[in-house]
Amino acid sequence: MKLGVLDSSNLTGGQQLAVKYYTVAVVLFGAQILFGLFAGLQFLAPEFGYNVLDFSVNRMVHVNAMIVWMLYGFIGAIYWLVEEEAGTELVGLKLGNLAFWVLTAAVTVVVLVYLFVQTGPGEIESIWFINEGREYIEAPRWADIGIVVCLLVFFYNVAATFMKGKWSGISGVLVFDLVAVAGLYLAGMFYTTNVSVEQYWWWWVIHLWVEATWEVLIGCIMAWGLIKTLGASRKIVTTWLYIEVALMLGAGILGLGHHYFWIGTPEYWFTVGGFFSALEPVPLVAMVVHAVYDSGVHRFKNTNHPALAWLIAHAFGNFFGAGVFGFMHTLPQVNLYTHGTQWSSSHGHFAFFGAYATINIAMFYIALQKWRGNVYMSAGLADNGWKWKWALGLLNMGVVGMTMALLVSGYEQAFVERALGGSTWAAYFAAQNSVWFIQGMLWREIFGLMTAAGFGLLVWDLVTIGRTETRSMLIPAEAAKAAA
Amino acid sequence: MITTAWWASEDFWRKATIWITAFMVVVLIVLTYDSLSQISAGTERVPAYSAINNRIYYRQDKSRNMPVPVIGDPAPLFGKILSETEAEALVEKGKITTQAKNCMGCHTILGNGAYFAPDLTKAWLDPAWGSEGTREQLMMRFLLDPPANSRGYGSKRRMPNLGITEEEARGIIAFLKWMSTIDTNGFPRNFTPIAQEGDR
Ligand code: HEM
Ligand code: HEM
Ligand SMILES: [Fe+2]
């Protein structure tokens, strides 16, 4: 074993599987950005890709790559920590490996079909084999079934490992949550002609994923990460986790109602959805306080600087992107005008990036550190660590820049198309053609390029960080002592 | 010795988490039963598919202070009154086509989807179709060849040719007409519907 060399013997079986998931996640993150740039460009130059790679295709690949890479990241993170948390070896590693390859093959086929077949005739077979035409979960039905089977294998690995080893507060929450994540996916797996009913269940998947179960999942990962990178006390972290989960599910489950204002559902959702979703930012504040407080207590001295920086970016991104930008349009009186405009896109970018991309990137750094033989990753890295710092800066500024640009376009669209024009075909284009709207689209693309540059640097950093390092990782307790 | 107050103890919060979550799930399930019963096809909020046999208005409801769809006199789609089963089959054809061609990859439907093209919720009532007399024909022509019938209103953005067949287009038009009957609580606000016979 040599320090600084990627050597899989540095990793446990579960962790070797985790880095496979991470590798695919990074590739898909790249695909997401590339196709996002294509789709963004089509707002400015509609002839680009017309009839070859139409907007709908680029967008479908963009958002699907995002969902899948984030799920890959989460699965990887859990394979990463399950053995340590359970205190025993992973149960069913071979099966887990098989599931990885099957899932990855399925994802590849789905993407190829998206790109080269694109659409099908108006028959139910198209929904089985080409795409379901339902934002975020467009994957055809055969792939849905494959995904569920692979998720079941994953769940078996995790639950059986905890059963064989020991349970903890974190693992208890985690396992319950995984049941919910997988179960909710089933709500998006049937066809119905009644579009109101369809969207009712579609939101169960989307909302109850990102604003309930995924938040809980990253709460678990964050809890583990704070213990790991800062040496925070398990008892305190676990208590905080319960508080966060209680608040998150207390607000987020009925907060679902903020998507039931206009799809045909009864008017009582105005009250239920408006009230509970307005409370959703509360747990996000608790999460920021928790993360920043813990970091402060440990004087930010820690074993992995890039990872901690990304964890802090996560705490703030989650709060601002989901909490603040979500709150801005969550009351029905506002949402009546902003619903389905670039305003939603502004919030969607900030929230998904701020809450979920960030924490996955933190886990990539934690994985690399160990993969390279517990290499040193605290202050004073080679070249002053410029690559990870610039990647962090460019990615965050890029996404925040896109968010603000989209917000300008969103305001313009909400006023011109929705409030004044009443959402007719002509009113839609009146907004799209307005100068401020177009400027917003232009700046989104410019900041998108900045995001892409940050991504390039991130990948470069991930493959090089620690390679020439001669020092070993600080032990968390020592890092904490050095701080005291 | 430092003791932990009850409100800061791990045990208290574990129990609180379980009870709060269980309670919210139960409430959601109850509301879901109620909502689904109110939005199944053939209810006041989501009319039966055979509503496509009638004229659809979008009128301000003074007591609710929002515009709502009103189902008027018979005005059969493509000149033919359909039975409930036939109407459902036609709307279903359209609905499956919207999924197979991923219309939501560019458009919003009930406000959800993509923001590259106009919202389709009330497309049936859009004044851009001119008049009742020309609407069906113009919609059909547009769907069969969108670039040739493009409007764009000064934008270069066009809908691509998606290879929609005539049968599929009929289905889509039926689906759009049926969707315009859904009571969307006043979304989109201020919408100016196409002029129709019986307008006041
Ligand atoms: C990490 C958590 C979150 C993520 C990833 C997220 C993401 C998204 C995305 C992508 C959409 C657009 C959905 C579509 O395609 O139609 C959306 C919609 C929405 N989000 Fe969030 N969100 C989060 C948290 C929140 C919170 C905490 C709130 C409220 C306080 C909120 C309020 C809303 C509302 C009201 C909409 C509907 C927008 C519309 O009417 O078009 N979100 N969210
Ligand atoms: C790198 C540059 C990026 C560009 C140019 C870009 C561009 C786009 C475009 C054009 C859309 C379609 C919006 C519409 O229908 O009008 C979109 C949707 C979306 N993108 Fe991106 N994107 C980028 C990066 C990202 C990143 C990093 C994330 C999150 C991690 C993200 C998350 C999303 C989401 C959630 C949606 C759906 C939003 C909604 O339906 O409201 N994108 N993006
Ligand atoms: Fe939501």
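Things to note:
- Qualifying residue in segment B:170-185 (condition: closer than 28 Å to residue A:338 by Cβ, open to solvent by 10 Å² or more (accessible area, probe 1.4 Å) and among the basic types (Lys, Arg)): no
- Residue within segment A:140-156 that is in contact (Cβ under 8 Å) with a residue 24 or more places away in the chain and part of a loop (DSSP other than H, G, I, E, B) present: yes
To keep it simple, each residue is scored yes or no on (1) closer than 16 Å to residue A:218 by Cβ; (2) within 16 Å of ligand 2 (Cβ to nearest atom).
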residue	(1), (2)
A:234	no, no
A:245	yes, no
A:258	no, yes
A:282	no, no
A:286	yes, no
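- Qualifying residue in segment A:360-367 (condition: within 14 Å of ligand 2 (Cβ to nearest atom), touching a residue at least 40 places away in the same chain (Cβ under 8 Å) and under 18 Å from the mean Cα position of the chain (by Cα)): yes
- Looking across segment B:55-75, just one residue is hydroxyl-bearing (Ser, Thr, Tyr) and surrounded by fewer than 19 Cβ atoms within 10 Å (Cβ to Cβ), and that is B:63.
- Qualifying residue in segment A:420-429 (condition: within 14 Å of another protein chain (Cβ to nearest Cβ), modelled with pLDDT under 95 and open to solvent by 30 Å² or more (accessible area, probe 1.4 Å)): yes
- From A:410, A:393, residue being farther than 15 Å from residue A:305 by Cα and assigned to a helix (DSSP H, G or I): A:410
- Within segment A:228-338, helices (runs of 4 or more DSSP H) holding 1 or more residues that are modelled with pLDDT under 95 and buried (at least 20 other Cβ atoms within 10 Å of the Cβ): A:234-255, A:281-297, A:305-317
- Hits in segment B:111-121 - residues which are more than 12 Å from ligand 2 (Cβ to nearest atom) and among the hydroxyl-bearing types (Ser, Thr, Tyr): B:121
- Unique match (being of a type in the set (Phe, Trp, Tyr), open to solvent by 30 Å² or more (accessible area, probe 1.4 Å) and assigned to a helix (DSSP H, G or I)) among A:101, A:69, A:80: A:101
- The combined condition, being part of a helix (DSSP H, G or I) and either out of contact with any strand residue (DSSP E or B) (no Cβ under 6 Å at 6 or more places or on another chain) or more than 30 Å from residue A:439 (Cα to Cα) (or both), is not fulfilled by residue A:48.
Conditions (1) at positive phi; (2) surrounded by 17 or more Cβ atoms within 10 Å (Cβ to Cβ); (3) assigned to a helix (DSSP H, G or I); (4) modelled with pLDDT under 95, marked per residue:
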| residue | (1), (2), (3), (4) |
| --- | --- |
| A:5 | no, no, no, yes |
| A:18 | no, yes, yes, no |
| A:22 | no, yes, yes, no |
| A:33 | no, yes, yes, no |
| A:56 | no, yes, yes, no |
| A:63 | no, yes, yes, no |
| A:89 | no, no, no, no |
| A:97 | no, no, yes, no |
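- All conditions but one from (1) more than 8 Å from every other protein chain (Cβ to nearest Cβ); (2) part of a helix (DSSP H, G or I); (3) surrounded by 20 or more Cβ atoms within 10 Å (Cβ to Cβ) apply to residue B:23; the one that does not is (3).
- Subset tally (residues that are within 22 Å of the chain's Cα centre (by Cα) and aromatic (Phe, Trp, Tyr)) for segment A:119-177: 4
- The one condition from (1) more than 22 Å from residue A:215 (Cα to Cα); (2) within 16 Å of ligand 2 (Cβ to nearest atom) that residue A:388 does not meet is (2).
- Within segment A:69-85, the set of residues being away from ligand 1 (no atom under 15 Å from the Cβ) and closer than 19 Å to residue A:139 by Cα comprises A:72, A:75.
- Identity of the residue in segment B:76-110, part of a helix (DSSP H, G or I), out of contact with any helix residue (DSSP H, G or I) (no Cβ under 7 Å at 6 or more places or on another chain) and away from ligand 2 (no atom under 16 Å from the Cβ), that ends up most open to solvent (accessible area, probe 1.4 Å): B:85
- Residue within segment B:186-196 that is more than 12 Å from chain A (Cβ to nearest Cβ) and either within 18 Å of residue A:263 (Cβ to Cβ) or modelled with pLDDT under 95 (or both) present: yes
- Check on residue B:156, touching a Gly at 6+ places or on another chain (Cβ under 7 Å) and surrounded by fewer than 23 Cβ atoms within 10 Å (Cβ to Cβ): no
- Scanning segment A:35-54 for residues that are on the phi > 0 side of the Ramachandran plot and more than 8 Å from chain B (Cβ to nearest Cβ) turns up just one, A:49.
- All positions within segment A:382-414 that are open to solvent by 20 Å² or more (accessible area, probe 1.4 Å), out of contact with any Ser or Thr (no Cβ under 6 Å at 6 or more places or on another chain) and more than 20 Å from residue A:348 (Cβ to Cβ): A:383, A:384, A:386, A:387, A:388, A:389, A:390, A:392, A:393, A:394
- Between B:130, B:163, B:113, the distinction of being at positive phi and crowded, with 23+ Cβ neighbours inside 10 Å belongs to B:113 only.
- Selection count, segment B:142-200, where residues are closer than 30 Å to residue B:68 by Cβ and part of a loop (DSSP other than H, G, I, E, B): 23
- All told, residue A:371 meets the bar of being more than 21 Å from the chain's Cα centre (by Cα) and more than 16 Å from ligand 3 (Cβ to nearest atom).
- Residue match in segment A:369-378 (condition: within 8 Å of ligand 1 (Cβ to nearest atom), open to solvent by less than 20 Å² (accessible area, probe 1.4 Å) and more than 21 Å from residue A:246 (Cα to Cα)): no
- In segment A:170-195, the residues that are farther than 22 Å from residue A:143 by Cα and more than 10 Å from chain B (Cβ to nearest Cβ) reach residues that are aromatic (Phe, Trp, Tyr) and open to solvent by 20 Å² or more (accessible area, probe 1.4 Å) with C-beta atoms within less than 9 angstrom, at least six apart or across chains, in these pairs: A:175/A:155; A:175/A:167.
- Residue list for segment B:36-50, restricted to those being more than 8 Å from chain A (Cβ to nearest Cβ), open to solvent by less than 40 Å² (accessible area, probe 1.4 Å) and out of contact with any strand residue (DSSP E or B) (no Cβ under 8 Å at 6 or more places or on another chain): B:43, B:48, B:50
- The requirement of being at pLDDT below 95, within 16 Å of ligand 2 (Cβ to nearest atom) and buried (at least 22 other Cβ atoms within 10 Å of the Cβ) is not satisfied by residue A:346.
The values are calculated or read from the model by the stated rules, or taken from the named source; none is laboratory data. Computed from a predicted structure; not experimentally measured. Note: ideal-geometry Cβ built from the backbone for every residue, glycine included; neighbour counts use all protein chains shown. Note: accessible area is taken over every heavy atom of the protein model, side chains too, but ligands, DNA and RNA are not part of it. Shrake-Rupley method; radii C 1.70, N 1.55, O 1.52, S 1.80 Å.
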